[in-house]
Amino acid sequence: MSDFSGLEDLLQDFLQEANELLSDVDNKLVELEKTPEDRGLLDAAFRGFHTIKGGGGFLNATELVKLCHLTESLFDRMRTGKMRLTRRLMDVIMTATQSIRNMFDELAQQRLPAPASPELLQSLQDILDEKSAPTEVAAPLPPAAPAGQSEPDWEALFHALTGVSAAPVAPEPSHPPSEKHLPEGDTISPAGAAQPPAAGDDKKLPARAQTVRVDVVRLDHVLNLSNEISLMRNHVNALWSEILSGSDKPETLHSLDLAVGQLDLLVRDLQNSVMRTQMQDVGRLFQKFPRIVRDLARQLDKDVELLLLGEDTEINRNLIEDLLDPMIHLIRNAIDHGIESSEERRMAGKPPKGVVRIEARQDGDRFILVVADDGHGMLPAVIRKKAVEKELLLEKDAADLDDSQSLNLIFLPGFSTLSEASSVSGRGVGMDVVKQNIEKLNGTIDIHTVPGEGTAFSITLPLTLAILPSLLVLLDDQPFALPLTMIREILPIDAEEIQEIGGKDTLLVRGEILPLIPLTRLFGWAETTTPAYGVVIETTEWHFILAVDDFIGYDNAVIKPLDDFCPRGVAGVTTLPSGQIVLILNMKELLADFHETADENLRFDQFLRI
């Protein structure tokens, strides 16, 4: 049973607002640690905790209100010059923000949050009681700006959603009282608030639909386009009625042709506009990283600066959610493996502070995300040696790899350059998952490194997952769609030019020998015809020629997922203008299946590498 029966909408609005507010507070705290005298950052952090406390009060979240009030009181002391920000104090505050975030997770499950840890509450109270307060006292700062100017009107929101007037919130004292025994009356409850459920009642609640914020200007544009399409549809219907009534005037046919063309342009514009409603600034993803970098640098005793570029670049909101885990892992690797300690950097003639750069930019219909560091870089020879030591690669195969192929060995499951695992990394789990997650998004990840100067991971993704640029190919009369990002070129196949090397069919393309694999072989079908065309497939792992009977051409395939039944090797379906169904192929799954069914004596990576 929900602890918020009848208040679900208010709860969701609060969580959306409060999560964004807390992320913003986290980033301001990171900046405040660098410039503790910045009055604007102090005021912003104070307002953040104060606003979250107010919203939590309306939801009867007593423990959330208690923790926010204690933390807010610390900032009030710092704003009035009675306390100076220290590293120890910032650690306690950061722990409090993480505890608040954990409480948000409990609220998202429609449960009242449990109390914060007694150690945290005691630490906050001791500092407020000056039992462990810093001995330094900062000079008084200028008077604070009013705190409530940028806060949401929780009372109005509660009344609008429930029709019930909320109890008035008592004004805050100018100097916060001691919180050793916070009275229950300090928690403001709305009229009719639900009481905690009976013990043992843990019925699972249905998940709520996801929401997205859309700019009103974009919604207005969609509405205007839909109105224009309605008018154009009426015009087309009128012309069609004339033709059905026997009119064969050239002017009528010409007008119908123009109207259909105009309608096509409007529909395309509407499609693009609707797609843009799902686009959000990548800054929403970036705002989570300053806190992660700060905490990890402190844990590893390194001095690291985070540089964020291109925060206003737009990307599909679904990609933002799916990129979070891979990005966190790349950032952790950059700080743990890439950035040296301050002493090592001084000895190498570098500034003692390392830099992690995260950059987003748009390149045509592609989104590019870069995670770079100015650390010691990677040595391909060391990576090859480690792969052999961990028995991930045979020594004779490692000797055949170039530098680019050697760098890609870090994506093998179980690979790590560390001899002993730490609490941060070294277990060989992560980079392979990063690559898998990127490829699930129809993206690629590339590595560029300069020994002694640093490493950059470049992620390339489509701007949206709903439309896939693809090449339509044919087997007999059945069309299939291949992701265009994997295709380098198309070439005709001359049977006389096919050479057999080591029992494998190959073709010489511009001085490079490439394996030739018929698409029918990936499907496990019998080869009834001789392929006429080859599609050169090129990724970080694979480089070969896919043989097909014919090709139709380029198309922006609108992907329709197969939720109930999706065969291996199929990413989804689309349709041709004729209505014919086209399967969109998942090349990674097809090649993995081909590897499993191939001759056990022939390794798949050897088959693709001549």
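The values are calculated or read from the model by the stated rules, or taken from the named source; none is laboratory data. Quantities reported herein were computed from a predicted structural model and do not represent experimental measurements. Counting neighbours? That spans all protein chains shown, and the Cβs are built from the backbone with ideal geometry, glycine included. The area values use the complete protein model at the heavy-atom level, side chains included, leaving out ligands, DNA and RNA. Shrake-Rupley method; radii C 1.70, N 1.55, O 1.52, S 1.80 Å.
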Testing the spin-label approximation: label points 7 Å from Cα along Cα→Cβ at Leu474 and Asn19. State their distance in nm.
4.9 nm
Taking the Cα centre of each part, how many Å lie between the range 438-473 and the range 224-265?
44 Å
Could you tell me which trypsin sites (Lys or Arg not before Pro) in the range 482-579 are loop residues by DSSP with no more than 15 other beta carbons within 10 angstrom of their beta carbon?
Arg510, Arg568
Evaluate E = 1/(1 + (r/R0)^6) for Asp269 and Asp9, where r is the Cβ-Cβ distance and R0 equals 35 Å; express this FRET efficiency to the nearest 0.05.
0.55
Between Gln580 and Ser458, the two model label points (7 Å from Cα along the beta-carbon direction) sit apart by a distance in nm of 3.7 nm
At a threshold of 8 angstrom on Cα-Cα distance, excluding pairs fewer than six apart, so keeping six or more, what relative contact order does the range 306-421 reach in percent?
23 percent
In nanometres, the difference between 0.36 nm per residue of separation and the alpha-carbon distance of Ser2 and Leu562 is 198.2 nm
Sorting Leu121, Leu471 on solvent-accessible surface, 1.4 Å probe, most exposed first, gives Leu121, Leu471
Net length gained if the chain between Asn227 and Asp105 were fully extended (0.36 nm per residue, minus Cα distance)
39.7 nm
At what distance in angstrom do the alpha carbon centres of the range 336-350 and the range 35-66 lie from each other?
38 Å
Straight-line reach from Lys66: which lysines fall under 21 Å, measuring Cα to Cα and dropping same-chain residues less than 8 apart?
Lys53, Lys131, Lys180
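Multiply the residue gap between Asp403 and Ser247 by 0.36 nm, knock off their C-alpha separation, and tell me the result in nm, one decimal place.
In short, 49.0 nm is gained.
Give the residue list of chymotrypsin sites (Phe, Trp or Tyr not before Pro) in the range 504-561 that are DSSP loop and have at most 14 other beta-carbon atoms within 10 angstrom.
Hits after loop and neighbour filter: Trp525.
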Out of residues 5 or more away from Ala571 or on other chains, whose amide H comes under 5 Å of its own, with H placed 1.01 Å from N in the peptide plane?
Ile584, Leu585, Asn586
Sorted by chain and then number, the residues having a modelled amide H within less than 5 Å of the amide H of Val355, at least 5 places away or on another chain, are Glu305, Asp374
Enumerate the residues in the range 450-491 having an amide nitrogen under 15 Å from the point lying 7 Å beyond the Cα of Ala532 toward its Cβ.
473-479, 491
Would you grab the residues whose amide H sits under 5 Å from the one on Ile493? Only those 5+ places off in sequence or on another chain, please, with H modelled 1.01 Å from N.
Tyr533, Gly534
Remind me, relative contact order of the range 460-531 in percent, using alpha carbon pairs under 8 angstrom and six or more residues apart?
15 percent
